[in-house]
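The values are calculated or read from the model by the stated rules, or taken from the named source; none is laboratory data. Owing to the predicted nature of the structure, the values given are computational and were not obtained by experimental measurement. Cβ coordinates were reconstructed from backbone atoms using ideal geometry, including for glycine residues, and neighbour counts include every protein chain displayed.
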Amino acid sequence: MRAAIYSERGPARDVLRIVEVPDPRPGPGEVRVRLRVSGVNPTDWKSRSAGGPLPEPGQIPGQDGAGEIDLVGPGVDAARVGQRAWVYHAAAGRWNGTAAQYTCVPAHQAVPLPDDISFAQGAGLGIPFITAHRCVFGGGPVAGRTLLVTGGAGAVGNAAIQLAVRGGATVLATASSEAKRGLASAAGAAHVLDYRDPDHVAAVRAIAPEGVDRIVDIAIAANLAADLDVLAPHGTVVAYASDAPDPILPVRRLMVANARLEFVLVYNLTPAMLDRAVSDISDALREGTPRPLPELHFPLAAIAAAHEAVEQHAVGKVLVDIP
């Protein structure tokens, strides 16, 4: 099969290459997916840039993808052959990610994809939607609650808006440009503000005078002071990314507010957390409610450019088409 692979860490154009490698075979409890589209996420370039030893013969990047199951391993129902599926966590502890013609994953990580959902949309679900689900619902149901999502045009932020609205919450969001604010609004945010506006905190307080119940935050170091200005007593700030490795915490402010800080890393979620997220995402797909971001497609041969696009914060979902 053709695959993108790297055998050393470094810049995309220096280490990523397209090669022929043997087709993988599914083991017990696994399925093989003939991939059609691979999703690119920040974790892909971060893992490629730094980390520990690499497997032999190298690492095929890509956690998310979509295609058809074409082979099953022992213990898996043969009726799954031919089923359309979206894949998550393909490269988590494994060498064969989704930037390839085939990948093998545990059967539950190849989730049925409705016929009316494109492979491109399916390839954009995994990391963004599972992360967003935990950020939104980690504290329980959100019906009747008010949430603030920072970075509402990003893949996780946009998914968080959609899932929270589906869950019955009123959602406020922030974004830096008119185009990005349009994406957050289209996802269902009732109010979208420009976080660069010095009056945006006052605007949030005017909209939610009692404060917001839960904040899904993309840059907690930069945003925490503003978050606490708008957080309701006993509210929660959830961080799934950070713009600084060890931000200084205003302990007294957090204590007085009885505030809670939560942190989400999708790879360390428990099986029960993953199962609930996948179940809810699947229900939403059957309802036809998820709205995909604008798509930026690259051929497999240009995967270095796809990684660079994500590194440079491209607006929209970066996808790699698999030949």
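With the requirement that a residue be in a loop (DSSP other than H, G, I, E, B) and within 22 Å of the chain's Cα centre (by Cα), what does segment 50-80 give you? Don't jump to the end; show me each part of the working.
We begin by selecting, within segment 50-80, every residue in a loop (DSSP other than H, G, I, E, B); these are 50-58, 61-63, 73-77.
Answer for segment 50-80, where residues must be in a loop (DSSP other than H, G, I, E, B) and within 22 Å of the chain's Cα centre (by Cα): A50, G51, P61, G62, Q63.
What tally of residues in segment 14-47 results from selecting those that are among the basic types (K, R) and surrounded by fewer than 12 Cβ atoms within 10 Å (Cβ to Cβ)?
So the count comes out to 1.
For the condition within 27 Å of G124 (Cα to Cα) and of a type outside the set (F, W, Y), what is the one hit in D227, D275?
D275
Can you tell me which residue among N223, N258 is outside the structural domain of D115 (by TED's automatic domain parsing) and over 24 Å from S185 (Cα atoms)?
Numbers: N223 fails: over 24 Å from S185 (Cα atoms).
Only one candidate passes the filter, namely N258.
Can you go through A306, A277 and tell me which one is out of contact with any strand residue (DSSP E or B) (no Cβ under 8 Å at 6 or more places or on another chain) and surrounded by 14 or more Cβ atoms within 10 Å (Cβ to Cβ)? Steps first, please.
Details: A306 fails: out of contact with any strand residue (DSSP E or B) (no Cβ under 8 Å at 6 or more places or on another chain).
Unique residue meeting the criteria: A277.
Would you pick out the residues in segment 83-125 that are in a loop (DSSP other than H, G, I, E, B), crowded, with 24+ Cβ neighbours inside 10 Å and touching a residue at least 60 places away in the same chain (Cβ under 8 Å)?
Answer for segment 83-125, where residues must be in a loop (DSSP other than H, G, I, E, B), crowded, with 24+ Cβ neighbours inside 10 Å and touching a residue at least 60 places away in the same chain (Cβ under 8 Å): Y88, T98, A99, G124, L125.
How many residues does segment 134-178 contain that are more than 20 Å from V230 (Cα to Cα), among the small types (G, A, S) and at pLDDT below 95?
Residues flagged as more than 20 Å from V230 (Cα to Cα), among the small types (G, A, S) and at pLDDT below 95 within segment 134-178 amount to 1.
Confirm whether I207 is closer than 30 Å to V21 by Cβ, surrounded by fewer than 24 Cβ atoms within 10 Å (Cβ to Cβ), in contact with a Leu (Cβ under 8 Å, 6 or more places away or on another chain) and modelled with pLDDT of 95 or more.
Details: closer than 30 Å to V21 by Cβ: no; surrounded by fewer than 24 Cβ atoms within 10 Å (Cβ to Cβ): yes; in contact with a Leu (Cβ under 8 Å, 6 or more places away or on another chain): yes; modelled with pLDDT of 95 or more: yes.
It is false that I207 is closer than 30 Å to V21 by Cβ, surrounded by fewer than 24 Cβ atoms within 10 Å (Cβ to Cβ), in contact with a Leu (Cβ under 8 Å, 6 or more places away or on another chain) and modelled with pLDDT of 95 or more.
Can A239 be described as buried (at least 16 other Cβ atoms within 10 Å of the Cβ), among the small types (G, A, S), without any contact (Cβ under 8 Å) to a residue 40 or more places away in the chain and more than 27 Å from S177 (Cα to Cα)?
Values: buried (at least 16 other Cβ atoms within 10 Å of the Cβ): yes; among the small types (G, A, S): yes; without any contact (Cβ under 8 Å) to a residue 40 or more places away in the chain: yes; more than 27 Å from S177 (Cα to Cα): no.
Taking the combined requirement at face value, the residue does not satisfy it.
Looking at segment 126-147 only, could you name the residues that are outside any helix (DSSP H, G or I) and of a type in the set (K, R)? Can you show your working first?
Looking only at segment 126-147, we keep the residues that are outside any helix (DSSP H, G or I), and these are 138-147.
Of everything in segment 126-147, just one residue is outside any helix (DSSP H, G or I) and of a type in the set (K, R), namely R145.
For the condition out of contact with any helix residue (DSSP H, G or I) (no Cβ under 7 Å at 6 or more places or on another chain), farther than 28 Å from G316 by Cβ and of a type outside the set (K, R), what is the one hit in P28, P11? Break it down stepwise before answering.
Details: P11 fails: farther than 28 Å from G316 by Cβ.
From the options P28, P11, the qualifying one is P28.
Mind checking whether some residue in segment 48-68 is of a type outside the set (K, R), assigned by TED's automatic domain parsing to the domain that holds C104, surrounded by fewer than 23 Cβ atoms within 10 Å (Cβ to Cβ) and in contact with a helix residue (DSSP H, G or I) (Cβ under 8 Å, 6 or more places away or on another chain)? Even if it seems obvious, please write down each step before you answer.
The first filter runs over segment 48-68 and keeps only residues of a type outside the set (K, R), leaving 49-68.
Those still in the list that are assigned by TED's automatic domain parsing to the domain that holds C104 too: 49-68.
Still in the list and also surrounded by fewer than 23 Cβ atoms within 10 Å (Cβ to Cβ): 49-58, 68.
Subset that is in contact with a helix residue (DSSP H, G or I) (Cβ under 8 Å, 6 or more places away or on another chain): none.
Scanning segment 48-68 turns up no residue that is of a type outside the set (K, R), assigned by TED's automatic domain parsing to the domain that holds C104, surrounded by fewer than 23 Cβ atoms within 10 Å (Cβ to Cβ) and in contact with a helix residue (DSSP H, G or I) (Cβ under 8 Å, 6 or more places away or on another chain).
Take H307 and tell me if it is of a type outside the set (D, E, K, R), in the same structural domain as P112 (by TED's automatic domain parsing), under 30 Å from R13 (Cα atoms) and modelled with pLDDT of 95 or more.
Numbers: of a type outside the set (D, E, K, R): yes; in the same structural domain as P112 (by TED's automatic domain parsing): yes; under 30 Å from R13 (Cα atoms): yes; modelled with pLDDT of 95 or more: yes.
Considered against the rule, which asks whether it is of a type outside the set (D, E, K, R), in the same structural domain as P112 (by TED's automatic domain parsing), under 30 Å from R13 (Cα atoms) and modelled with pLDDT of 95 or more, H307 comes out as yes.
How do the pairs read when you match residues in segment 178-192 that are more than 14 Å from L147 (Cα to Cα) with residues anywhere that are of a type in the set (G, A, S) and surrounded by 17 or more Cβ atoms within 10 Å (Cβ to Cβ), using Cβ under 6 Å and keeping only pairs 6 or more apart or on different chains?
Filtered contacts from segment 178-192: K180/A153; R181/A175; L183/A153.
What residue, of A222, A244, A226, is buried (at least 18 other Cβ atoms within 10 Å of the Cβ) and not β-branched (V, I, T)? Don't jump to the end; show me each part of the working.
Numbers: A222 fails: buried (at least 18 other Cβ atoms within 10 Å of the Cβ); A244 fails: buried (at least 18 other Cβ atoms within 10 Å of the Cβ).
Of A222, A244, A226, the one residue that is buried (at least 18 other Cβ atoms within 10 Å of the Cβ) and not β-branched (V, I, T) is A226.
Yes/no per residue for (1) on the phi > 0 side of the Ramachandran plot; (2) modelled with pLDDT of 95 or more; (3) under 25 Å from the mean Cα position of the chain (by Cα):
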| residue | (1), (2), (3) |
| --- | --- |
| I215 | no, yes, yes |
| A221 | no, no, yes |
| D227 | no, yes, yes |
| V230 | no, yes, no |
| A241 | no, no, yes |
| P250 | no, no, no |
